[in-house]
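Values quoted throughout were computed directly from the atomic coordinates according to the rules given, and no laboratory measurement underlies them. Quick caveat: nothing in here was measured; it's all calculated off a predicted structure.
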């Protein structure tokens, strides 16, 4: 699996071993919460490029270089209900192809709330403009 991840060109500064070897390319429809219609560059800024708390583990640090997407619209609804700041976000649907990067299933556990089973970290390849494949939809 590591061979697949290493065959991509990643943005500068990504730590060694990131994306993790179990991240895989996929042709998949995915949802992302965005602020603008149509989605803009600011809707696809990685957590590492925003103010953030220091990561406690290498795995957490690696996730800071990925974008969060969901594959189940029910999880998008739950995220909007339970994650602060997501309630007012718009929902964008996009189609990710293998050449756009790799994904890793990372279910999100919200304290005393439902688990978001379809959450994925998406490491976007260098030079791909992620916003071009997403459009705002109504669920």
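In the chain, the longest principal axis of the Cα atoms and the axis of helix 73-82 are about 70 degrees apart. Once you order the gyration tensor axes a ≥ b ≥ c over the Cα atoms, which shape class does region 1-84 get: rounded for a/c under 1.5, otherwise prolate or oblate by comparing a/b with b/c? Prolate is the answer for region 1-84, as a/c is 1.5 or above and a/b outweighs b/c. Structure remark: mean-square fluctuation, Gaussian network model of the chain, C-alpha springs under 10 Å; the largest value among 115, 14, 83 belongs to 83. Of all the options 54, 20, 39, the one that moves most in a Gaussian network model of the chain with Cα springs shorter than 10 angstrom is 54. Between rounded, prolate and oblate, where does region 55-128 land on the alpha carbon gyration tensor, with a ≥ b ≥ c its root eigenvalues, rounded for a/c under 1.5, else prolate if a/b exceeds b/c? Oblate shape, in that a/c is at least 1.5 and b/c is the bigger or equal ratio. Remark: relative contact order (the chain) = 33 percent; criterion is Cα-Cα distance under 8 angstrom and separation of 6 or more residues. Given the DSSP H assignment, sum -39500 (n - 2.57) over each helix run of at least 4 residues in the chain and divide by its residue total; what's the result at 222 nm in deg cm²/dmol, nearest 500? Value at 222 nm, helices only: -4000 deg cm²/dmol. Note on the chain: GNM, Cα springs under 10 Å; of 129, 37, 49, the largest mean-square fluctuation is that of 49.
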